[in-house]
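Q: Got a structure for you, questions after.
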Amino acid sequence: MEAQLQELKTQALDKITAASTVKELNDVRVAYLGKKGPITDLLKGMGKLPAEERPKMGALVNVVREEVTTQLEGRMVILEEEAINQKLQSETIDITLPGRPVKTGNPHPLTRVVEEIEDLFISMGYEVAEGPEVEKDYYNFEALNLPKGHPARDMQDSFYITEDILLRTHTSPVQARTMEAKGGEPIKIICPGKVYRRDSDDATHSHQFTQIEGLVIGEDIRMSDLKGTLSVFAKKMFGDDREIRLRPSFFPFTEPSVEMDISCFKCGGSGCNVCKKTGWIEILGAGMVHPNVLEMAGYDSKRLTGFAFGMGPERIAMLKYGVEDIRHFYTNDVRFLSQFQRTEL
């Protein structure tokens, strides 16, 4: 029996050494140490031995079993480590390959224009003011020198919710609310936002569009201050060689009122299809704040004066990027928007 035990040990150790995978090693463990394995059978057959031989043979069987178990565990560690290394090798990512570019979104062209204008005026000391898009008739018209029945209201056909509530037709109500809140203090603000008018949508009109208006109130504010401000704006948005022209106009909330044109950036003033052969392009309206508007907001119009201006970012974007139809800005056509892909250097 002792010789048989030594032979089993030799066979088991040889097969443990020969096992090349975890599965093969588990098969060896079951074959020799399992419930039906030969070493287990030897332990079960101990009862047939003479009483004086049982302790010696029992000790030998335990020694063999522990030695086989130790070899199995040591070999298992080696094979498991080899299996992990093989898996890592087979799943290795070649980080030297260039990555696939990830497409990222870009600001909408209108957003880019609005932010560019905001950055310019903020650098000039202006604050950005905002207000509600659903507005009271008083702030949208009456506080701006447009009482009920005033014929100039016809120029801004509106979406009324009730007789006294409407969707704002310009961002001027923000100016009126700011003046009322300031209580006679100096003001220097721009007011960007969406506005609404009951227009028929076509290549140059939309029932919803954006506006940016500006307001400055203080002591000794003059038309020359307005002209200098608008000149800086024109050069920043359309090029340093742009010239501006102020033409008399009419707005109920400013007096005097002007329309501002810039020299055509395409032809330089010689005349082309962009400027309609005039050499000039109309950009915005402006003027000195009407004394009635100042007085209604609690300002002393004899001590304080101010100027205001208003522009449409859509028009500026159309001129800046050569867009011929305002509706392109609102249809979310990727073919159009992808033309404004930002390139990072």
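The values are calculated or read from the model by the stated rules, or taken from the named source; none is laboratory data. Bear in mind that the values here come from a model prediction, so they are computed numbers and not experimental data. All Cβ positions, glycine included, derive from the backbone under ideal geometry; neighbour counts span all protein chains shown. These accessible areas exclude ligands, DNA and RNA; they are computed on the full protein's heavy atoms, side chains included. Shrake-Rupley method; radii C 1.70, N 1.55, O 1.52, S 1.80 Å.
Q: How large is the charge dipole for the chain, taken about the Cα centre, if only the Cβ atoms of Lys, Arg (+1) and Asp, Glu (-1) carry charge, to the nearest 20 debye?
A: Using only the charged Cβ atoms, the result is roughly 680 debye.
Q: Continuing with this model, one more query. Just how large is the dipole of segment 211-294 about the Cα centre, in debye to the nearest 20, putting +1 at every Lys and Arg Cβ and -1 at every Asp and Glu Cβ?
A: Values: 10 positive and 11 negative charges, 90 e Å.
Dipole magnitude for segment 211-294 comes out near 440 debye.
Q: Of the candidates Arg65, Arg100, Arg315, which one comes out as most mobile in a Gaussian network treatment of the chain with C-alpha springs shorter than 10 Å?
A: Arg65
Q: Would you work out what percent of the accessible area of the chain, with all protein chains in place, is carbon or sulfur (probe 1.4 Å)? Could the numbers behind the result be given before it?
A: On the way: 10420 of 20050 Å².
With neighbouring chains kept in place, the figure for the chain is 52 percent.
Q: Follow-up question, since we're still on this one. From the residues Thr111, Gly37, Asn273, which one has its Cα farthest along the dipole of the chain in the positive direction, the dipole being from +1 and -1 charges on Cβ of Lys/Arg and Asp/Glu about the Cα centre?
A: The residue sitting farthest along the positive end of the dipole is Gly37.
Q: Follow-up. What's the extension gain from Asp14 to Val232 if we count 0.36 nm per residue and subtract their Cα-Cα distance?
A: That pair, Asp14 and Val232, stretches by 69.3 nm at full extension.
Q: Let me ask something else. If I fit a long axis through the Cα atoms of helix 2-18 and take the longest principal axis of the Cα atoms of the chain, what angle between them do I get, 0 to 90°, rounded to 10?
A: Roughly 30 degrees, rounded to the nearest 10.
Q: For segment 222-345, what is the charge dipole size about the Cα centre, in debye to the nearest 20, if Lys and Arg each add +1 at the Cβ and Asp and Glu each add -1 at the Cβ?
A: Roughly 220 debye, rounded to the nearest 20.
Q: Fully extended, how many nm does the chain gain between Phe250 and Gln86 (0.36 nm per residue separation, minus their Cα-Cα distance)?
A: 50.8 nm
Q: So, one more: What ranking, highest mean first, results for peptides 103-110, 126-133 when packing means the other Cβ atoms within 10 Å averaged over each residue?
A: Ranked by mean Cβ neighbours within 10 Å, highest first: 126-133, 103-110.
Q: Hey, in the GNM for the chain with a 10 angstrom Cα cutoff, which one of Gln208, Gln71, Gln175 fluctuates hardest?
A: Gln71
Q: Considering all alpha-carbon pairs of the chain, what whole percent are spaced by more than 39 angstrom?
A: 46
Q: Between Glu219 and Phe159, with labels modelled 7 Å along Cα→Cβ, what's the label distance in nm to one decimal, could you check?
A: 4.5
Q: Rounding to the nearest 10 and keeping the result within 0 to 90°, find how far the Cα-based axis of helix 172-182 lies from the longest principal axis of the chain.
A: For 172-182 against the chain, the angle is about 90 degrees.
Q: Something else: If you look for lysine pairs in segment 212-302 that are eight or more places apart or on different chains, how many of them have Cα atoms under 29 Å apart?
A: Total qualifying Lys-Lys pairs in segment 212-302 comes to 14.
Q: Need the full-extension length gain, Asp94 to Cys272, defined as separation in residues times 0.36 nm minus the C-alpha distance. One decimal, nm.
A: Working: separation 178, 0.36 × 178 = 64.08 nm, distance 5.71 nm.
Taking 0.36 nm per residue and subtracting the Cα distance, the gain is 58.4 nm.
Q: Also, I was wondering about something else. Below 8 Å between Cα atoms, with a sequence gap of 6+, how large is the relative contact order for the chain in percent?
A: Normalised by residue count, the contact order of the chain is 14 percent.
Q: Next question, about the same structure. Go ahead and set up a Gaussian network model of the chain, Cα springs under 10 Å, then flag whichever of Val63, Val289, Val216 fluctuates most.
A: Val63
Q: On the first, second and third principal axes, largest extent first, how far apart are the outermost C-alpha atoms of segment 277-345 in Å?
A: Projected onto its principal axes, the Cα set of segment 277-345 covers 54, 32, 29 Å.
Q: Once the Cα atoms of helix 54-90 and of the chain are each reduced to a long axis, what angle between those two axes, in degrees from 0 to 90 to the nearest 10, is obtained?
A: 30
Q: Also, quick follow-up: Accessible area per residue of the chain at 1.4 Å probe, in Å²?
A: Accessible area per residue, the chain: 58 Å².
Q: Now, a different point. Going by a 4.7 Å Cβ-Cβ cut-off, which cysteines of the chain have no partner at all?
A: Here Cys191 come out as lacking a disulfide-compatible partner, given the Cβ-Cβ threshold of under 4.7 Å.
Q: Something else about it: Per the helix-only calculation at 222 nm, which mean residue ellipticity applies to the chain, given -39500 (n - 2.57) for every DSSP H run of n ≥ 4 and division by its residues, nearest 500 deg cm²/dmol?
A: Details: 11 runs with 138 residues, N = 345.
Helix contribution divided over all residues of the chain: -12500 deg cm²/dmol.
Q: I would also like to ask the following. How many nm separate the modelled label positions at Asp333 and Thr70, each set 7 Å beyond the Cα in the direction of the Cβ?
A: 8.3
Q: Here is a follow-up. Convert 10 °C to kelvin, take the viscosity as 1.306 mPa s, use the Kirkwood radius over C-alpha pairs of segment 98-178 as Rh, and evaluate the Stokes-Einstein diffusion coefficient in µm²/s, rounded to a whole number.
A: Translational diffusion coefficient: 102 µm²/s.
Q: Same structure, new question: Need one word for segment 169-247: rounded, prolate or oblate. Basis is the Cα gyration tensor (sqrt eigenvalues a ≥ b ≥ c); a/c below 1.5 gives rounded, then a/b vs b/c decides.
A: Oblate, since a/c reaches 1.5 and b/c is not below a/b.
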